[in-house]
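Data first, discussion second: the structure below is written as C-alpha cells.
The values are calculated or read from the model by the stated rules, or taken from the named source; none is laboratory data. The shown structure was predicted, so the numbers you read here are calculated from the model rather than taken from an experiment. In this analysis, Cβ positions are derived from the backbone assuming ideal geometry, glycine residues included, and neighbour counts consider all displayed protein chains.
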Ligand SMILES: [Zn+2]
C-alpha cells in the first residue's frame, strides 16, 4: 500500500514537472474551463443541499456555482454522478513530517535522517490530500528543521502533489519542556524567543507555534494541572514579534495557567485544550481566540496507553468540548495527523458528532471556521465564485452519516484533479 502510494507520488511528480510549463502558458492566454456536476452539493453556509449543482471553474478559481447552471461552450465536463460535492476540507493541526511510529520509541530526530523524513513527508502529504484535505496548517516539523518549508514550496510549484500548506517550522519550547528532546528548539529568555521568531520567519514559516504547556508526562496526576511553560509576558513578546512579520501564533496548551497565559498573550488559536477550566473558556470567548481540540489523537490506541490518567484526560476533553459548544467558542477542525496515520483524520468528524456537535457544524469547523482561523476566508472554505476550486466528492449524505467524509472519491485542488475513483 505504502509502496503503491510512493510510486504514485513519483509518477504524479514526474507528470507534473513536465506538464507545468505548458499549462502555465495556456493559462496565460486562455484559462482552462471545467464544469463539475453531481447529484447534489452541500452549501456549508446555509447547511442545505443544492440539487443538480454545476460548478464552473476557470484555471484555479470557481467562477460560478449553483443548480443547473448552463455549461459554457468548450468547457470540459466532469460528471461525478450520484455523489455529494463539498468544499475541500481544512485540517488546522497536522504534522506532515511525523509518522505514527515516531511517537513510539526514540524521537525521529535521532533515528531518521532529515532526507528520509522528507521523503516520508512527501508520501504523507499525498495521503492527506487524497483524504479530501486540500489545505492544512502544519504546526511543528517535529525536529525535521525547515523541511516543511521545502515540502510546501514543492507542492506550490507543482513538483509534488499535496495540500496547500501553511507551515510553522520549529515550535518554540523551554529547556526540559515539551519537545525538548525532539524539537531541539529551546528559548528560555524573552530575547531568545524573539530571535527565534525572526529566524523562523526568515527561513519560511507561515505560522509561529509555541508550547505554552508541557505534554502528557508534564500533567500533575492529582490536579490535572499541566506544566505552564510560558508567562503571559513571554507569549506577548512572541505574539508582538510575530505580528510585525504579519504572522499568527498557535499555542499548544492543555489548560491551566499556560493556556490562560497564551490566550491573554494574544495567540490566535489554542491547540488541544482538553484540561481548560471555565475561566479559560470564558477567556477564549472574550478574546475571540480559536480552539482546535484534536479529540481523536488522545484516545488510547493500545492497552499500555489506556491508563487511568489517560481516561481522565479523555473524559475531560469531552466535557470541555461540550461546554465550549454551549459557550460558542470558535472551534476549528484539527487532528494532529502524523501522530496517527496520515489520510485517516476524517475520523475526527465522527468523534465531534459523538460528543454532540451537529454534523453541519463539524463540517463548518473544517471549512468556514478553519478558513477564518487561517485568515483565508476569501480564498477557501466554501464553493463560491472567486475562491479556489477546492472541491471534494463523497459517497452518501454526510449530514445523515458523518462517516461519509471518510469515503472521499474525488479531490480537486485549485482546479486540478488529484483523485477520482468514480465508477
Ligand atoms: Zn501536534
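Before moving on, here are some points about what is shown:
- Checked against (1) more than 16 Å from the ligand (Cβ to nearest atom); (2) buried (at least 21 other Cβ atoms within 10 Å of the Cβ), residue 240 passes all but condition (2).
- Of the residues examined, residue 337 is not one that is surrounded by 21 or more Cβ atoms within 10 Å (Cβ to Cβ), closer than 23 Å to residue 372 by Cα and either more than 15 Å from the ligand (Cβ to nearest atom) or not assigned by TED's automatic domain parsing to the domain that holds residue 227 (or both).
Matching residues to (1) under 20 Å from residue 365 (Cα atoms); (2) assigned by TED's automatic domain parsing to the domain that holds residue 319; (3) not in a helix (DSSP H, G or I):
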residue	(1), (2), (3)
233	no, yes, no
249	yes, yes, yes
253	yes, yes, yes
258	no, yes, no
273	yes, yes, yes
282	yes, yes, no
302	no, yes, yes
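- Residue, farthest from the ligand (Cβ to nearest atom), within the stretch 94-130, restricted to residues that are closer than 25 Å to residue 304 by Cα and either in a strand (DSSP E or B) or touching a strand residue (DSSP E or B) at 6+ places or on another chain (Cβ under 6 Å) (or both): 100
- Pairs with Cβ under 8 Å, 6+ apart, first in the stretch 179-191 and in a loop (DSSP other than H, G, I, E, B), second at pLDDT below 70: 179/185
- Filter result for the condition that a residue is under 21 Å from the mean Cα position of the chain (by Cα) and either modelled with pLDDT of 95 or more or not assigned by TED's automatic domain parsing to the domain that holds residue 360 (or both), over 119, 77: 119
- Residue match in the stretch 142-155 (condition: within 16 Å of the ligand (Cβ to nearest atom), within 14 Å of the chain's Cα centre (by Cα) and at pLDDT 95 or above): yes
- When 243, 217, 198 are checked against the criterion of being under 25 Å from residue 105 (Cα atoms) and in a helix (DSSP H, G or I), a single residue qualifies: 217.
- Options 273, 258, 265; residue that is more than 16 Å from the ligand (Cβ to nearest atom), under 22 Å from residue 177 (Cβ atoms), surrounded by 14 or more Cβ atoms within 10 Å (Cβ to Cβ) and modelled with pLDDT of 95 or more: 265
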